[in-house]
1. Taking the Cα centroid of the stretch A:85-155 and of the stretch A:230-244, what is the distance between the two, rounded to the nearest whole Å?
2. Search the structure for amide H atoms under 5 Å from the amide H of A:Phe25, placed 1.01 Å from N in the peptide plane, and list their residues when 5 or more places away or on another chain.
3. How long is the gain from B:Lys45 to B:Ala116 if the chain were fully straight, where each residue apart is worth 0.36 nm and the alpha carbon distance is subtracted?
4. Any lysines with Cα under 27 Å of the B:Lys98 Cα? List them, leaving off those in the same chain fewer than 8 positions away.
5. Per the Kirkwood treatment, what hydrodynamic radius in Å, one decimal, follows for the protein assembly as shown from the mean inverse distance over all distinct Cα pairs?
6. Express the relative contact order of the stretch A:6-242 as a whole percentage, based on alpha carbon pairs under 8 Å and six or more residues apart in sequence.
7. Out of the stretch A:167-201, which chymotrypsin sites (Phe, Trp or Tyr not before Pro) are coil in DSSP terms and have no more than 16 other C-beta atoms within 10 Å?
8. For the stretch B:1-34 and the stretch A:1-56, write down the distance between their C-alpha centroids in whole Å.
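Every number here is computed from the coordinates shown, using simple stated rules; none is lab data. Everything numeric in this text was worked out from a predicted model, so none of it was measured. Cβ placement follows ideal geometry from the backbone for every residue including glycine, while neighbour counts extend to all protein chains displayed.
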Amino acid sequence: MANPIEQFQIKPIIPLEVAGVNVSFTNSAVMMVISVVLVTAFLTLSVRSRALVPGRWQSLAEIFYEFVANMLRDNVGSEGRKYFPFIFTLFMFVLFGNLLGMIPGAFTYTSHVIVTFGMAAVVFVGVTVIGFMRHGTHFLRMFFPEGAPIATAVILIPIEVISYFSRPFSLAVRLFANMTVGHIILKVMGGFVVSLGAFYVIPGVVPFAFLSAVTVLEFGIALLQAYVFTILSCIYLHDAIHMH
Amino acid sequence: MPQFDPAFFAPQLFWLAVTFVTLYILMAKVALPKIGAVLDERQRKIDDNLDKAAQLKAEAEAAVAAYEKALAESRAHAHAVIKETAERLAKHAEERTKELNAKLGEQIKAGEARIAAAKETALGNVRSVAIEVAAATVSRLAGAAPDQGKVEMAVAAALKEQG
């Protein structure tokens, strides 16, 4: 049986080094570039005809647009408008990373914690900067809400601080863990199908049926985790703009 | 796990930054304005059509109102014309009747006068015939012609007696 961890191996394709830092073009980078090309091609070619009554592809592009736009409006309000391109990019980048990873043999960049953490850190730092720019030092009120009794500060402030600073980690780990575990299960199940099927046909059918079901589930998780990553970013953005 | 090997952190972060920024620029400058424009245009067209529909409906209602007003007016006008005509005809008929009555009265009067004149003439004729007859009778009976004046007086007296 193939090692289920092997699929996460980074393989440099073009070794590069800039100022002593390794910036090699790897299989992970290939998938990121493919995502960018596919997302851009899909969203620009589909609306090229600018049809009043949209066709299949244009409908899909409009659905993505309105889905993210509504998510942002419902969670942040009209002040969130100017962050729409960022939130949309985040959603499409994560979604395509997850979905392209479902192609057998493809590399899933969202299964790498450093990638998810990179995005989560940008969201966290960005949201914190926005919060301080809008509210100044008043933004520190986030950690001790107005109206709470002074005596509770001893407990409340540490809890709020910890929960605030754990945001990027929970955001990053949630996506990374979901993708990693899902792909390990798929690989292990695939291994069972091959080894049991080779041994005798009937026992191979059982893990194959299970593998099929898990594959469907993984597609759902790919969509869901992209949604969760984006909506949590929206909620953090809401906190920064409106406080609690 | 390869995920926790720090050797691969730098290249992944670098390419994440490159691709994410590229995608952000492509989305913000190219794709999203395009889709947004399409959606706005559709919304505008729908609003336009709704406005136009409302306008046409208002126009149709105005036309119906104008039509009903015109109908009511012409009905009133027709009533007036009928009434006026009826009155005019009644008056005319009355005048004609009056005129005819007057004419008939005149004709009757003229007829009566003519009858009276005829009667007079006839009576006159009777007198001269009576005188002649009386004179002839007397001359036959008496064998001599009577005095013309006496006969006339006698006839007149006899006619008066008869009425």
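1. After rounding, the separation between the Cα centres reads 9 Å.
2. A:Ile13, A:Ile14, A:Leu16
3. 15.2 nm
4. Excluding near neighbours in sequence, the set is B:Lys83, B:Lys109.
5. By the Kirkwood definition, the hydrodynamic radius is 31.2 Å.
6. Once divided by the residue count of the stretch A:6-242, the mean separation gives 24 percent.
7. A:Tyr200
8. Cα centroid to Cα centroid, the span is 9 Å.
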